[in-house]
Number of protein chains: 2
Amino acid sequence: MARAATTTDVFNAVADAHRREILDVLATGEKTVSAIVETLSLTQPQVSKHLRVLSDVGLVRGRAEGRHRLYRLDPERLKPMHDWVTKFEQAMNARLDRLDDYLHELQAQPPTQGEPQ
Amino acid sequence: MARAATTTDVFNAVADAHRREILDVLATGEKTVSAIVETLSLTQPQVSKHLRVLSDVGLVRGRAEGRHRLYRLDPERLKPMHDWVTKFEQAMNARLDRLDDYLHELQAQPPTQGEPQ
DNA sequence: TTGACATATGTCGATATCGGCATATGTTGG
DNA sequence: CCAACATATGCCGATATCGACATATGTCAA
């Protein structure tokens, strides 16, 4: 039960740095496996396996082109992750807003008593 | 070398579903360990360990309050992840824009010849 | 101090990961 | 058909993960 299957969950698929690098490269456009192998300094089987994982999760799609195989990004699948992260960005902003409100409050009403503690 | 240390990398820390749930709960506000244990249905050691990981990564901070320990979110640390994901959101939009341009182009110039391959 | 409560830590077992190497599959050209 | 190239898969070993259980640490109250 060690960890959620890397092949089931986008969060896990993206947890690997090499996989993130591959996605970064693919963000540039459709690429061949060997192009990725060259760009990053990874082994060909390494890249193929990572692409398999990314493909299973749906972050990437491949099409055959002669004896090459072209992979491209499907960024749509990052939406769950984007949504999740964005939720916290809002929490962060909300906190800053509250701090802002607090500061304005402080300026509006000059301190009448020493703050307790 | 199995996988990047869960304690070093925010992406890995967040890869675990239970850890994400804990962060979700903490997004509600500062919470006690036992409060988290109750809310989610996790074991106390489980929660403590996950909090340890989240704390090591900096996503969460704890302060002692009597015999309780209150944990709260530090969403600032999600920024690297937010930035990374956002980059792909932009890629996604860019692609949609290009598709949009292409469609407009098609409408502006009625097809005179079949496209060469 | 002692005991109850809150939390943290240690150990163990089952499992999955990742990288490396060898090799299978598939495609093109001669 | 065969050889060269591109990619995918299979197996292995080292390692890290996660959950479960027991237990250590720390704090308050009587």
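For this structure, a couple of remarks:
One line per residue, one yes/no per condition, for (1) under 14 Å from the mean Cα position of the chain (by Cα); (2) within 23 Å of B:Ala17 (Cβ to Cβ); (3) aromatic (Phe, Trp, Tyr):
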residue	(1), (2), (3)
B:Leu51	no, yes, no
B:Gly58	yes, yes, no
B:Arg63	no, no, no
B:Pro80	yes, yes, no
B:Arg98	no, no, no
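- Residue match in the stretch B:84-101 (condition: more than 14 Å from chain A (Cβ to nearest Cβ), at pLDDT below 95 and surrounded by fewer than 16 Cβ atoms within 10 Å (Cβ to Cβ)): yes
- Residues of the stretch A:64-83 classified as among the aliphatic types (A, V, I, L, M) and more than 10 Å from chain B (Cβ to nearest Cβ), total: 2
Rundown of residues vs (1) out of contact with any strand residue (DSSP E or B) (no Cβ under 6 Å at 6 or more places or on another chain); (2) within 16 Å of DNA strand C (Cβ to nearest atom); (3) farther than 30 Å from A:Arg77 by Cβ; (4) without any contact (Cβ under 8 Å) to a residue 24 or more places away in the chain, yes/no style:
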| site | (1), (2), (3), (4) |
| --- | --- |
| B:Ala17 | yes, yes, no, yes |
| B:Leu23 | yes, yes, no, no |
| B:Glu30 | no, yes, yes, no |
| B:Leu54 | no, yes, no, no |
| B:Gly66 | yes, yes, yes, yes |
| B:Asp83 | yes, no, no, yes |
| B:Phe88 | yes, no, no, yes |
| B:Ala91 | yes, no, no, yes |
| B:Asp101 | yes, no, no, yes |
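The values are calculated or read from the model by the stated rules, or taken from the named source; none is laboratory data. Small disclaimer: the values here were computed from a predicted structure and weren't measured. Don't worry about glycine lacking a Cβ; one is built from the backbone with ideal geometry, like all the others, and counts go over all protein chains shown.
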